[in-house]
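The values are calculated or read from the model by the stated rules, or taken from the named source; none is laboratory data. Bear in mind that the values here come from a model prediction, so they are computed numbers and not experimental data. Glycine also receives a Cβ, built like all others from the backbone with ideal geometry; neighbour counts cover every protein chain displayed.
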Amino acid sequence: MTEKYLRSRKGQSAMEYLMTYGWAILIIAIVLVAFVGLNLFKSPIGTTCRAFTGYVCSGQIYSGNVLSVSIGQISGSTWTLTSVFMNGSGITGSISGSYSGSTLASGQMLPVTFTIPASDSSPGSIYVEYTLSGTTYNSLIATATFP
């Protein structure tokens, strides 16, 4: 009787071992599928614009050597714009329209274009210089990638 009892205990131990590792492998597989579904393993393809907290960046289009984006701020205050520019070797930026010296209210969007030389590479950082209550600020607002 003890031999039969020991054999069944070994079988039970083996089944518990397989079940424990089976559940662990199943959980890992579910997490990996979720990561793939959220595109966490892929680099951004095409043109993207990622704004930092308090700023908005959308409507990005890269055509030829021109990057067009719409930027804005959601700080709750109104800014007086001085300039908008993008860093990088040889990147030149210009504000579409005559916004320099005008105000940018919270929630308002501003279309901006940047000429990007073919030799320059992605990503680039978008900065805005503005005046608020008599003080001039120079803030990094977004990072843009382009092919």
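Considering the stretch 53-65 alone, what residues qualify as being at pLDDT 85 or above and either small (Gly, Ala, Ser) or over 17 Å from the mean Cα position of the chain (by Cα) (or both)?
Listed by number, the residues that qualify are GLY54, SER58, GLY59.
What residue, among those in the stretch 1-41 that are loosely packed, with under 10 Cβ neighbours inside 10 Å and not in a helix (DSSP H, G or I), is modelled with the lowest pLDDT?
Applying the filter and picking the extreme gives MET1.
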